[in-house]
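Below: the structure, in structure tokens.
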Amino acid sequence: MKVEAVELWVLRLPLVTPFRTSQHSDDERVALLVCAHTTEGAGWADCAVGPGPFYEPEFLSGARAVIAEYLVPMLTAAPAVTAARVQAVLAPIKGHQMAKAALETAVLDAELRARHMSFATYLGAVRDRVPVGVSVGIPGSLAELIGQVEGYLEQGYRRVKLKIEPGWDTEPIAAVRDRFGPGLALQADANTAYTLASASRLRDLDQFGLLLLEQPFAADDLLGHAELARLISTPVCLDESITSPRAAAAALRLGACSVINIKPARVGGYLAARAVHDLCAAHGVPVWCGGMLETGVGRAANLALAALENFTLPGDISATARYYAQDITPPFVLEDGHIAVPAGPGTGVEVLPDVLDRLTTHHEILH
Ligand code: NPQ
Ligand code: MG
């Protein structure tokens, strides 16, 4: 097939509660939605960039620029495009994996809709529903945190992830463990806020029986993570460091982690995400699916990925209501701590045109 045009929207979705991490606080998601118009129909993707470069070097206006000035002209000039060929077509452009991932995903969605096949079937899903967790931002107080965790557990979430930073780590983890008991599946995410100098402080966390400690150090500090992994008994999980299948291979070889959080956008799309999954499976390393405050379009594709065999830990794929009162697709709901994997063609979800219209702040068509 050929890509004839790419349509792009910027939209603002208010969050139900502000989401604060060690790096940044957001009270809305500014989403970049793309639609690839091909000779075999249209396909959609949610570009997982944030509004600014606070978690990742890529961000919304940078992604828009590289998509408009470089990636779309290369894609529309290519004589025959399939999702499996998109990375090769775009290879002359360095980096910008999230922008490339959005285009690959939109092409894949178009391709699969034309073939009446779901993302889940194409990727190799072995489950039709997946257990999910919730990521809890840094709140104003311990009491507020306990209240939030209690609410999420009542809703049925299967595991809880606390965002931590220096000064907000041992205390909140101890308080949640104390209040909800040893049976709670609990983990912590530092979003790069520490250095190896804090190793003894991080070793204090061993007493709380965490499932894992996610990304304590800088994204490029594989050696620091490898050193920490030797010093603490809590499993070290990498997120920001896993930028490609090759980076995942290096992390495993160095012993920098024993669990991986796969963010499909950051590794360059769902095909690369599957490659990271397969690599980890071959090494006996469990993976789980990360979250980037996706709209329903991104959430649907993540659910399909999380249905693969080696996604053995609940992901950050919460119900729509965890983030949004109004999404651009019909909402995903929690059923007994699980979310159903969409079974329809492509991502299996349809964008609601009136909501898209109402939330859009910018719209363009690229050739
Ligand atoms: C993480 N996500 O695991 C990320 C961090 C994160 C659910 O904890 C806009 C785009 C806002 C990406 C906020 C979760 C974001 C974002 C947080 C990523 O580290
Ligand atoms: Mg993380």
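The values are calculated or read from the model by the stated rules, or taken from the named source; none is laboratory data. This one's a predicted model, so the numbers in the text were calculated from it and none came from an experiment. Cβ atoms come from the backbone with ideal geometry, glycine included; neighbour counts cover every protein chain shown. Remember, those area values only see protein heavy atoms, side chains included, never the ligands or the DNA or RNA. Shrake-Rupley method; radii C 1.70, N 1.55, O 1.52, S 1.80 Å.
Can you tell me the FRET efficiency between residue 93 and residue 246 if r is taken as the Cβ-Cβ distance and R0 is 22 Å, rounded to the nearest 0.05? Intermediate values should be presented prior to the final figure.
Numbers: r = 17 Å, r/R0 = 0.79.
Taking R0 as 22 Å, the efficiency between residue 93 and residue 246 is 0.80.
Express in nm, to one decimal, how much length is gained between residue 28 and residue 204 on full extension, taking 0.36 nm for each residue of separation and deducting their alpha carbon distance.
Details: separation 176, 0.36 × 176 = 63.36 nm, distance 3.43 nm.
That works out to 59.9 nm of additional length.
Which residue, 135, 244, 233, tops the fluctuation ranking in a GNM of the chain built on C-alpha contacts under 10 Å?
Of 135, 244, 233, the most mobile in the Gaussian network model is 233.
With every protein chain in place, what's the accessible area of residue 1 (1.4 Å probe, Å², nearest 10)?
For residue 1, solvent-accessible area is about 40 Å².
Accessible area, 1.4 Å probe, largest first: how do 4, 294, 171 sort?
171, 4, 294
Could you grab the Rg to Rh ratio for the range 147-229? Cα atoms only, Kirkwood for Rh.
Details: Rg = 13.2 Å, Rh = 13.4 Å.
Computed over Cα atoms, the ratio is 0.99.
Just order 267-273, 62-68 by mean Cβ neighbour count inside 10 Å, highest at the front, would you? Could the numbers behind the result be given before it?
Numbers: 267-273: 24.9, 62-68: 18.9.
The peptides rank, most packed first, as 267-273, 62-68.
Quick one: how many Å² of residue 111 are accessible to a 1.4 Å probe, rounded to 10?
Per-residue accessible area (residue 111): approximately 20 Å².
Assuming R0 = 56 Å, what is the FRET efficiency of residue 2 and residue 155, from their Cβ-Cβ distance, to the nearest 0.05?
Values: r = 45 Å, r/R0 = 0.80.
Efficiency, from the Cβ-Cβ distance: 0.80.
Kirkwood Rh, the range 195-244, all Cα pairs: how many Å? Can you show the working numbers first?
Numbers: mean 1/r = 0.0915 Å⁻¹.
Here the Kirkwood hydrodynamic radius works out to 10.9 Å.
Using a 1.4 Å probe and counting only protein heavy atoms, arrange 158, 115, 266 so the residue with the most accessible area comes first. Before the final figure, lay out the partial values.
Numbers: 158 100, 115 130, 266 10 Å².
Of 158, 115, 266, the descending order of accessible area is 115, 158, 266.
Leaving ligands, DNA and RNA out of it, work out the accessible area of residue 367 with a 1.4 Å probe and give it in Å² to the nearest 10.
140
Under a 10 Å cutoff between Cα atoms, tell me which one of 288, 44, 168 has the largest fluctuation in the Gaussian network model of the chain.
Judging by the Gaussian network model, the answer is 168.
Please calculate how many Å² of accessible area the chain carries per residue, with a 1.4 Å probe and no DNA, RNA or ligand atoms counted.
Working: 13940 Å² over 367 residues.
Result: 38 Å² of accessible area for each residue.
Please work out how much length the chain gains when fully extended from residue 175 to residue 15, using 0.36 nm per residue of separation minus the C-alpha to C-alpha distance, in nm with one decimal. Mind dumping the intermediate values first?
Values: separation 160, 0.36 × 160 = 57.60 nm, distance 2.60 nm.
Here the answer is 55.0 nm.
Report D for the range 1-145 in µm² per second (integer): Stokes-Einstein, Kirkwood Rh on Cα pairs, 37 °C, 0.692 mPa s.
On the way: Rh = 16.9 Å.
D, rounded to a whole number, is 194 µm²/s.
Any aspartates and glutamates with Cα under 13 Å of the residue 94 Cα? List them, leaving off those in the same chain fewer than 8 positions away.
List returned: 58.
Give the distance, in whole Å, between the Cα centre of the range 98-141 and the Cα centre of the range 263-286.
A separation of 13 Å, based on Cα centres.
Pick out which of 305, 60, 142 has the largest mean-square fluctuation in a Gaussian network model of the chain, springs linking Cα atoms closer than 10 Å.
The residue with the greatest mean-square fluctuation here is 142.
Quick one: net charge of residue 212's neighbours, Cβ under 13 Å, K/R +1, D/E -1?
On the way: positive: 159, 161; negative: 189, 206, 214, 239, 316.
Once all neighbours under 13 Å are counted, the net charge is -3.
For 246, 12, give me the order by solvent-accessible area with a 1.4 Å probe, most accessible first, ignoring ligands, DNA and RNA. Walk me through the numbers before you get to the answer.
Numbers: 246 200, 12 115 Å².
Most to least solvent-accessible, the answer reads 246, 12.
Which value, to two decimals, describes the C-alpha radius of gyration of the range 1-51 once divided by 2.2 N^0.38 Å?
Numbers: Rg = 14.8 Å, N = 51, 2.2 N^0.38 = 9.8 Å.
In units of the 2.2 N^0.38 Å rule of thumb, it is 1.51.
Report the one residue of 72, 141, 62 whose Cα lies farthest in the direction of the positive end of the charge dipole of the chain (charges on C-beta: Lys and Arg +1, Asp and Glu -1; origin at the Cα centre).
Farthest towards the positive pole: 72.
Zone of residue 39 (label point 7 Å along Cα→Cβ, backbone N under 20 Å): which residues in the range 63-88?
72-88
Just to be sure I understand the model, the point goes 7 Å from the Cα along the line to the Cβ. What's the resulting residue 61 to residue 253 distance in nm?
3.9
How far apart, in nm, are the 7 Å Cα→Cβ label points at residue 333 and residue 196?
Calculated label separation equals 5.1 nm.
With only Lys, Arg, Asp and Glu charged, each at its Cβ (+1 for the first two, -1 for the last two), find how big the charge dipole of the range 206-256 is about the Cα centre; round to the nearest 20 debye.
Numbers: 3 positive and 7 negative charges, 51 e Å.
Dipole size: approximately 240 debye.
Mind computing the radius of gyration and Dmax over the alpha-carbon atoms of the range 115-264? Å is fine for both.
Just the Cα atoms of the range 115-264 yield Rg and Dmax of 16.6, 54 Å.
Below 8 Å, C-alpha to C-alpha, sequence gap of six or more: please give me the relative contact order for the range 151-257 in percent. The partial results should precede the final answer.
Working: 161 pairs, mean separation 24.7, N = 107.
That works out to 23 percent.
Evaluate 2.2 N^0.38 Å with N set to the residue count of the range 229-367, then give the Cα radius of gyration divided by it.
1.17
Which one, 114, 153, 337, projects farthest toward the positive side of the charge dipole computed for the chain from Cβ point charges (K/R +1, D/E -1)?
114
Suppose a student asked you for the relative contact order of the range 123-181, using Cα pairs under 8 Å spaced at least 6 residues apart; what percent would you report? If you can, show how the numbers build up before the last one.
On the way: 41 pairs, mean separation 23.9, N = 59.
Answer for the range 123-181 is 41 percent.
Please state, to two decimals, what the Cα-based radius of gyration of the chain comes to when divided by 2.2 N^0.38 Å (N = residues). Can you show the working numbers first?
Details: Rg = 19.7 Å, N = 367, 2.2 N^0.38 = 20.7 Å.
Rounded to two decimals, the normalised Rg is 0.95.
What whole-number distance in Å separates the alpha-carbon centres of the range 312-329 and the range 45-76?
If we compute the Cα centre of each part, the gap is 23 Å.
For n ≥ 4 DSSP H runs only, could you compute -39500 (n - 2.57) per run for the chain, divide by its residues and tell me the 222 nm figure to the nearest 500?
Numbers: 15 runs with 133 residues, N = 367.
So the helix-based figure for the chain works out to -10000 deg cm²/dmol.
Using just the alpha carbons, could you tell me how many Å³ per residue the convex hull of the range 52-134 encloses?
On the way: hull volume 10.4 nm³, N = 83.
Given the Cα convex hull of the range 52-134, per-residue volume reads 126 Å³.
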